1. Tell me, what HN-Hα J-couplings in whole Hz come from the Karplus equation 6.51 cos²θ - 1.76 cosθ + 1.60 at θ = phi - 60° for each residue of region 38-47, using x for Gly and Pro?
2. Could you pull out every residue, at least 5 positions away or on a different chain, whose amide H is within less than 5 Å of the one on ARG12? Hs are placed 1.01 Å off N in the peptide plane, and Pro or chain starts have none.
3. Could you work out the pair-distance distribution P(r) of region 29-85 from its alpha-carbon pairs, with 5 angstrom bin width and percents rounded to whole numbers?
4. Could I have the simple spin-label model distance between HIS28 and GLU70, label points 7 Å from Cα toward Cβ, reported in nm to one decimal?
5. What are the ³J(HN,Hα) couplings of region 27-35, residue after residue, when phi is run through the Karplus curve with 6.51, -1.76, 1.60 and θ = phi - 60°? Round to Hz, x for glycine and proline.
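Laboratory data are not the source of any read-out in this text; all were calculated from the coordinates shown. In this text, all values refer to a predicted model and were calculated from it rather than measured experimentally. Here the Cβ positions follow ideal geometry from the backbone for every residue, glycine too, while neighbour counts run over all protein chains shown.
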Amino acid sequence: MPDLRRLRFYIRAEETGSKIGFEFGFVHLASLQQLSVTVDCRGATRQRVEAAEAAMRDAASIHPGRPALEISRRWERDMIKDKDDHEEIVQVK
């Protein structure tokens with residue numbers, strides 16, 4: 001696929017938790033100009049979602065052609081809370 005210019009794919013953030021880092025191999029797609037990623041947030045913590053997005057940014061930034069990157073999230077409301085997530089309690093006086 002040396003002439004591939006646009007790549008669109010879907011990643012489940014929940015499934016990325018057991019992996020130590022991410023390997024995408026985009027560097028072999030020399031003509032890549034646009035990379036669109038949809039992150040499925042269902043059942044994943046905010047930390048995992050953000051790690052998946054950061055990995056995508058890193059992969060795009062080391063690509064020789066510096067493809068434009070678009071990241072979107074699906075099912076954000078179905079994320080699970082991290083241990084460190086605390087809801088802020090606001091008291092009105």
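1. Per-residue couplings from phi come out as 10, 9, 7, 8, 4, x, 9, 7, 4, 4 Hz.
2. The answer is ASP40.
3. Computed distribution, short to long bins: 4, 19, 26, 18, 14, 10, 6, 2, 0.
4. 2.6 nm
5. 4, 7, 9, 4, 8, 4, 10, 9, 10
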